[in-house]
1. Can you tell me which residue within segment 105-134, out of those that are open to solvent by 50 Å² or more (accessible area, probe 1.4 Å) and among the hydroxyl-bearing types (Ser, Thr, Tyr), is farthest from the chain's Cα centre (by Cα)?
2. In segment 149-178, how many residues are under 24 Å from ILE74 (Cα atoms), out of contact with any helix residue (DSSP H, G or I) (no Cβ under 7 Å at 6 or more places or on another chain) and either among the β-branched types (Val, Ile, Thr) or open to solvent by less than 60 Å² (accessible area, probe 1.4 Å) (or both)?
3. Go through segment 61-103 and give me each residue that's part of a helix (DSSP H, G or I) and among the charged types (D, E, K, R).
4. Only residues that are polar (S, T, N, Q) and exposed (fewer than 13 other Cβ atoms within 10 Å of the Cβ): list them for segment 68-104, please.
Amino acid sequence: VRESYPVLYANIRIWKNTYCLSIRHLDIDFWMLWGINDDWFPETVQKQLVEVVLTEYEKIYQFESLYQAYKATIKGKRDKKDVIQFELDLSNQLWKLHDEWQMKQYRIGNYHCFQIYDPKKREIQALSIRDRVVQHSICDQVLKPYFEPRLIYDNAACREGKGTRFATDRLTKFMRDF
């Protein structure tokens, strides 16, 4: 669904009985797979999601949102070179992101490519910390508040307060009940 807003649109398709969400803002594509309640209809979701993203757009680039996204991004990565460089000029970096989003001039940077060899050789393409901050801001400020109440209770994938232990406990319960 493409709205009159030139830099942002959302598209939802059904893929393997799961809704696949693609949000495009300038050069950014976000793909998410969600297990969604049966009473959802894709057309309704598309319209609602576009409306929510457009109305919540300003939350993405507020300084406080970007700072919270930064804190979430650096968890476990504070000793990385790019994180340290970003942190040296943190305030200016976040204000620059703020201004670029506000003026609708933000462009995603290049991916950092490297290889890992555990357990086999694979090529990894990673976003810069700057782009990861933006990604966290979009997900935390717009997508998560929209989708979280709509997800089924038993969906434990990447949700706060739900993890492997929750999923195994629910599976055990279902196996005993049925």
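The values are calculated or read from the model by the stated rules, or taken from the named source; none is laboratory data. Treat the numbers as computed from the prediction; the structure is a model and nothing was measured. Using ideal geometry, Cβ is built from the backbone for each residue, glycine included, and neighbour counts are taken over all protein chains shown. Heads up: the accessible areas ignore ligands, DNA and RNA and are worked out on the full protein's heavy atoms, side chains in. Shrake-Rupley method; radii C 1.70, N 1.55, O 1.52, S 1.80 Å.
1. Within segment 105-134, the match that is farthest from the chain's Cα centre (by Cα) is TYR117.
2. So in segment 149-178, the residues under 24 Å from ILE74 (Cα atoms) come out as 156-164.
Right, trim to out of contact with any helix residue (DSSP H, G or I) (no Cβ under 7 Å at 6 or more places or on another chain) and you get 157-164.
Right, trim to either among the β-branched types (Val, Ile, Thr) or open to solvent by less than 60 Å² (accessible area, probe 1.4 Å) (or both) and you get 159, 162-164.
Qualifying residue count, segment 149-178: 4.
3. Here is the first cut: in segment 61-103, the ones part of a helix (DSSP H, G or I) are 61, 63-73, 81-88, 90-102.
If the condition is that a residue be part of a helix (DSSP H, G or I) and among the charged types (D, E, K, R), then GLU64, LYS71, LYS81, ASP82, GLU87, LYS96, ASP99, GLU100 are the ones that fit.
4. The initial filter retains those residues of segment 68-104 that are polar (S, T, N, Q), namely 68, 73, 85, 91-93, 102.
Passing the criteria: GLN85, SER91, ASN92.
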